[in-house]
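Data first, discussion second: the structure below is written as structure tokens.
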Amino acid sequence: MCSDNILSERDPANIHWQTLPDGETGIRHPDFGSVQEEHNIVPLADGSLFCMYRTEMGFPACSYSRDGGRNWSPPEPARYGPGGDIMRNPRASPMVWRCQNGKYLFWFHCNGYKDYRHSEAPVSRTLVWLSGGLERDGKIHWSQPELVSYEENLWRGPSYPDLIEHHGNYYISSAHKVAARCQLMDKPLLEDMWNQDTLNTVAEEGLLLDLNEEQCITERNWPFDRLPSLGEQGRFTIGLWVKLANLQPGQVLVDGTGGSDAGLRVLTGNDDSLEISFHDGSHGFSWTSDPGLIHSGSRHHVVFVVDGGPKCVSVIVDGRLCDGGEDEEQLYGYGRFGRTKYFDGYDDRCERAEEIGDVTGAGELVVTAKREVLHLRLYDRCLRTSQAIGNWRAGR
């Protein structure tokens, strides 16, 4: 609905209304299925309009208008940039905002679910990711996303968000049918997303170990302080530069178990991936990077972020957050561990899954893949996606 006098006319009966685009058909693609809805529109600095909306194709669709909404470009899958990777999203509201600074924020769920409902948890909206957008040559370019919200009840998920800017602060509201929330967003997180293309410094806060190539070759064990317990919402990050001679699955690259069950390890996974495994002595979990991203003889930067709040493992490979790619079988690139299991979608009765606790293990790491692990960093906190990208771009 478009009006040319709503900002000046005081009498509602005299406000002009017009439906756009021209013709009898809205913004729609014939190949994107029957569900093409919840369009939201933001202006660009050059006077163009940008529209993002939900589908059940596993991605949101987007379109541009260069004539005030009368005509629109054919909708296409939303991408991080022109010709870039598709941004994955289920049948859920993909909300875009233009901020007062002229930059953009995009709320989505970073997975490729297509079904509206699921037979088992987690459902597609339990995690929320945010990307920062910059306008370049009449197009919005999006950052790699950051995890900003989650639900402990894996049958629920926040959606239908809105943004409020007040005195330089950013607040995002959302709801999940029976409850609502309002979050004060971390401004440095937003600024890093908007500046992600220029970040090139190593994050130092929370470093427990920082081993260069010479130290990785040394025949010794590297002690570190105890990791925060995942059962108490503790977090840690391990990042590696690697150059592997072969990708045979099961090769242990870094070992912190000391020969016991407890501790963490990084090893080669199936389908040209790297895998993290962590265990508290009773319960454990493992997760791999997206398949096909690791190549023998090539230098790669891989970061595993383990967050005991949402019970989530995310992986950033060479500056790209793993999201499952366009694989129809792998619908997301993050893993969930020690999850709370609820009986149904809106019942607060629950049974607790076995929590994973302290995964410090031996309290020391051994680099077992000499001359193939080129650098190793261990943190007692979560690196943000942007910080992992800064480490990668620093090249060391």
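Which of the residues belonging to segment 10-40 are surrounded by 11 or more Cβ atoms within 10 Å (Cβ to Cβ) and either of a type in the set (Val, Ile, Thr) or in contact with a His (Cβ under 8 Å, 6 or more places away or on another chain) (or both)? Spell out how you get there, then give the answer.
First, pick out the residues of segment 10-40 that are surrounded by 11 or more Cβ atoms within 10 Å (Cβ to Cβ): 15, 18-22, 26-29, 32-33, 35-40.
ILE15, THR19, GLY26, ILE27, VAL35, GLN36, listed by residue number.
Identify the residue in segment 210-244 that is of a type in the set (Asp, Glu) and not in a loop (DSSP other than H, G, I, E, B) and, among all such residues, is farthest from GLU372 (Cα to Cα).
Taking the candidates together, the pick is GLU232.
Which one is surrounded by the most Cβ atoms within 10 Å (Cβ to Cβ), of the residues in segment 54-72 that are charged (D, E, K, R) and assigned to a loop (DSSP other than H, G, I, E, B)?
GLU56
Any residue at all in segment 41-53 that is surrounded by 10 or more Cβ atoms within 10 Å (Cβ to Cβ), touching a residue at least 24 places away in the same chain (Cβ under 8 Å) and assigned to a loop (DSSP other than H, G, I, E, B)?
Checked segment 41-53: at least one residue is surrounded by 10 or more Cβ atoms within 10 Å (Cβ to Cβ), touching a residue at least 24 places away in the same chain (Cβ under 8 Å) and assigned to a loop (DSSP other than H, G, I, E, B).
For segment 245-304, which residues satisfy the criterion of being in a loop (DSSP other than H, G, I, E, B), under 25 Å from the mean Cα position of the chain (by Cα) and surrounded by 22 or more Cβ atoms within 10 Å (Cβ to Cβ)?
Passing the criteria: SER289, ILE294.
Given the criteria of a type outside the set (Asp, Glu) and assigned to a strand (DSSP E or B), does CYS110 qualify?
Judged against the criteria, CYS110 is not a match.
Rundown of residues vs (1) outside the structural domain of TRP222 (by TED's automatic domain parsing); (2) modelled with pLDDT of 70 or more; (3) surrounded by fewer than 21 Cβ atoms within 10 Å (Cβ to Cβ); (4) closer than 30 Å to VAL178 by Cβ, yes/no style:
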| residue | (1), (2), (3), (4) |
| --- | --- |
| GLY319 | no, yes, yes, no |
| GLU326 | no, yes, yes, no |
| GLY333 | no, yes, no, yes |
| ARG336 | no, yes, yes, yes |
| LYS341 | no, no, yes, yes |
| ASP358 | no, yes, yes, no |
| LEU376 | no, yes, no, no |
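Consider segment 369-396. How many of its residues are farther than 19 Å from VAL266 by Cβ and of a type in the set (D, E, K, R)?
Number of matching residues: 2.
The values are calculated or read from the model by the stated rules, or taken from the named source; none is laboratory data. This one's a predicted model, so the numbers in the text were calculated from it and none came from an experiment. Don't worry about glycine lacking a Cβ; one is built from the backbone with ideal geometry, like all the others, and counts go over all protein chains shown.
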